[in-house]
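Read through the structure below, which is laid out as structure tokens, and then see the notes.
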């Protein structure tokens, strides 16, 4: 009687913190299944473990993975394939022998916090941009047609009517992303108008007196000084000696 034994195949995926030395926060085993699907986040460290009674050869989407690619580390003795920092384009089907692991890299959401609608003229606002989960060593900038900043915080101080309907875009870039992430917001400013103007002054003056005229301006949907004063140190009567 003739027996045929297939090579022993064990595939494990271990997801750790970015330095690959901390305790694993997720361990997935095929447990006899021919394939498995797992999700990881950008920047995480991933260890795929393949133990064969033969030469270990890892493939990504049917193409051999070479140890010459410094992004991957293949240990033929332990059968491991290590990705120190997962990139967005690491999504794919990893095979070793007859088993396979479909790795899905989750793209973070870009979130904008802070008020940017129904703003009041004269106010100050701070708008922040971030990703969830965070991307290691990522750079966040704000851009518009006439404005650029090298910070994840967009500060508008003071808010003016000219800011109304302006669009600002947060751009998140990283070497771990195949393409930058963007999120845009459109500023809206409440319409502002003069509701009333009141002028106050003395009814009569003596030649040589200082003249003080106080103009009170009341605005709608605006923050700022309501009173402007004009003080003239010497009133010219038009008379000459």
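The values are calculated or read from the model by the stated rules, or taken from the named source; none is laboratory data. The shown structure was predicted, so the numbers you read here are calculated from the model rather than taken from an experiment. Neighbour counts are summed over all protein chains in view; Cβ atoms, including those assigned to glycine, are modelled from backbone coordinates with ideal geometry.
Within segment 60-76, track down each residue that is crowded, with 16+ Cβ neighbours inside 10 Å and closer than 17 Å to residue 104 by Cα.
60, 72
Could you tell me whether any residue of segment 82-94 is in a strand (DSSP E or B) and closer than 28 Å to residue 170 by Cβ? Quick ask: steps written out before the conclusion?
Filtering segment 82-94 down to residues in a strand (DSSP E or B) leaves 82-83, 92-94.
Next cut, closer than 28 Å to residue 170 by Cβ only: 83.
Yes, segment 82-94 contains a residue that is in a strand (DSSP E or B) and closer than 28 Å to residue 170 by Cβ.
How many residues does segment 83-121 contain that are within 12 Å of residue 39 (Cα to Cα), buried (at least 20 other Cβ atoms within 10 Å of the Cβ) and in contact (Cβ under 8 Å) with a residue 60 or more places away in the chain?
Within segment 83-121, residues that are within 12 Å of residue 39 (Cα to Cα), buried (at least 20 other Cβ atoms within 10 Å of the Cβ) and in contact (Cβ under 8 Å) with a residue 60 or more places away in the chain number 4.
Consider residue 43 against the criteria (1) modelled with pLDDT of 80 or more; (2) on the phi < 0 side of the Ramachandran plot: it satisfies all of them except one. Which criterion is unmet?
(2)
Write out, first by first residue and then by second, each pair whose Cβ atoms fall under 8 Å of each other, whose residues are 6+ apart or on separate chains, and whose first residue, in segment 54-82, is touching a residue at least 12 places away in the same chain (Cβ under 8 Å) while the second is assigned to a strand (DSSP E or B) and surrounded by fewer than 10 Cβ atoms within 10 Å (Cβ to Cβ).
Between residues of segment 54-82 that are touching a residue at least 12 places away in the same chain (Cβ under 8 Å) and residues that are assigned to a strand (DSSP E or B) and surrounded by fewer than 10 Cβ atoms within 10 Å (Cβ to Cβ), the close pairs are 57/64; 58/64.
Output the number of the condition that residue 48 fails; it satisfies all remaining conditions of (1) surrounded by 16 or more Cβ atoms within 10 Å (Cβ to Cβ); (2) assigned to a strand (DSSP E or B); (3) modelled with pLDDT of 85 or more.
The number of the failed condition is (3).
Among strands (runs of 3 or more DSSP E) lying entirely in segment 116-173, which contain 1 or more residues that are at pLDDT below 95 and touching a helix residue (DSSP H, G or I) at 6+ places or on another chain (Cβ under 9 Å)?
By residue number, 153-156.
Output the number of residues of segment 135-148 satisfying the condition of being touching a residue at least 60 places away in the same chain (Cβ under 8 Å) and touching a strand residue (DSSP E or B) at 6+ places or on another chain (Cβ under 9 Å).
1
Is it true that residue 102 is in a strand (DSSP E or B), closer than 21 Å to residue 45 by Cα and out of contact with any helix residue (DSSP H, G or I) (no Cβ under 7 Å at 6 or more places or on another chain)?
It is true that residue 102 is in a strand (DSSP E or B), closer than 21 Å to residue 45 by Cα and out of contact with any helix residue (DSSP H, G or I) (no Cβ under 7 Å at 6 or more places or on another chain).
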